[in-house]
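Take a look at the structure below.
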Amino acid sequence: MFKSLFRKSSRKFILLLVVVLLVTSVGIISSLQKATAASIHLTLGNPSGATTSQNNFDNYLLEKTQYALSYSDFRKIPNWVSWQLNKSWLGSAPRQNNFRADTTLPSGWYQVTSSDYTDSGFDRGHMCPSADRTNTITNNSATFLMTNIVPQAPDNNQGYWAQLEDYARSLVSTQGKELYIIAGGYGSAGTIANGKVTIPARLYKIIVVTDPGTGAQGVNTNTRVIAIDTPNVQGNRNANWGDFRTTVDSIEAKTGYDFLSNVDGYTQSVIEAKVDNGLTS
Ligand code: MN
Ligand code: MN
């Protein structure tokens, strides 16, 4: 009888200990996550849990002043690029057009060059657009690093993709909004540069429209979220970007990423399930 009483209470004690340890470790982990999410461009989260480990060949985190990205050394393109856009990033710096290798990649990794795209039939497609970084020449120049570039079908790049970029900037310049944007590609439609650089089969973009300075806490169930998922092909240059709207949930299912992970779970579940039906110009 004494023995079973002891067993019962020690079981309770062990259970309590486990709960205390769990709560403590969750606290430590979440404060660690906060400490590593230093980049303003990752305010809404790090969609693939990218890290700066040089062994993380397929999901390597590059944090720049101008944007943050996950790079794949297998595909030789970014998995996603994430950036903040508000009025402070916009100015009159001219387009630098200085496409060049990103020498900040880990040593030994192939550095894609501008000429890898020559005669490929694909544009050097910016993820963070040149025109989103015009406050200084340095910031504009950073968008021409090849780690911010994917092989993009000219009709996609120069057609509806460019129109959505223009529309996003208009939300900033005419409505004073602060945007958090994530763009990337998934799937494979072959390669360029003798097999080195993967052509993503699809290109997606997610735009969260917020009020300046409100961050992840400012995102609520009424926040406008524009998500598009487009085919990286020729032949539809005059399409409207609005026709490619989809849900964040759908892009999460296709990529395996968790977008907007710093937004509370309930709000994510609501805004990630909606298809935007707002204005398109
Ligand atoms: Mn472009
Ligand atoms: Mn999510």
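The values are calculated or read from the model by the stated rules, or taken from the named source; none is laboratory data. Everything quoted here is computed from the prediction, not taken from an experiment. Glycine also receives a Cβ, built like all others from the backbone with ideal geometry; neighbour counts cover every protein chain displayed. The accessibility values were calculated without ligands, DNA or RNA, using every heavy atom of the protein model including side chains. Shrake-Rupley method; radii C 1.70, N 1.55, O 1.52, S 1.80 Å.
Treating only the Cα positions of the range 184-281 as identical point scatterers, give the base-10 log of I(q)/I(0) from the Debye formula at each q in 0.17, 0.25 Å⁻¹. Normalising to I(0) and taking log10 leaves -0.82, -1.32. Cα centroid distance between the range 199-270 and the range 89-130, in Å? If we compute the Cα centre of each part, the gap is 24 Å.
Dipole orientation for the chain: of the candidates 225, 134, 114, 225 has the Cα lying most toward the positive pole (charges on Cβ; Lys, Arg +1; Asp, Glu -1).
Extent along the principal axes, Cα only, for the chain: 84, 45, 35 Å, with the longest axis given first.
Residue 158 to residue 40: FRET efficiency via 1/(1 + (r/R0)^6), r the Cβ-Cβ distance, R0 25 Å, to the nearest 0.05?
In this case the efficiency is close to 0.25.
On the basis of the beta-carbon distance and an R0 of 25 Å, residue 237 and residue 275 show a calculated FRET efficiency of 0.60. Measuring with a 1.4 angstrom probe and ignoring ligands and nucleic acids, residue 188 comes out at about 80 Å² accessible. A helix-only calculation puts the chain at -8500 deg cm²/dmol for mean residue ellipticity at 222 nm, using -39500 (n - 2.57) for each DSSP H run of at least four residues, averaged over all residues.
Couplings 3J(HN,Hα) of the range 55-65, computed from phi: 8, 8, 4, 9, 7, 8, 7, 10, 10, 10, 4 Hz, in residue order, whole Hz [Karplus 6.51 cos²θ - 1.76 cosθ + 1.60, θ = phi - 60°; x for Gly and Pro]. Taking θ as phi - 60° and the Karplus parameters 6.51, -1.76 and 1.60, the scalar couplings of the range 72-85 work out to 10, 6, 6, 8, 6, 9, x, 6, 7, 10, 10, 8, 8, 9 Hz in sequence order, x denoting glycine and proline. Membrane-span-like helices in the chain, defined here as complete DSSP H runs extending at least 30 Å along the helix axis by their C-alpha atoms with mean Kyte-Doolittle hydropathy no lower than 0.5, are 2-36; this is a sequence and geometry rule, not a statement about a membrane.
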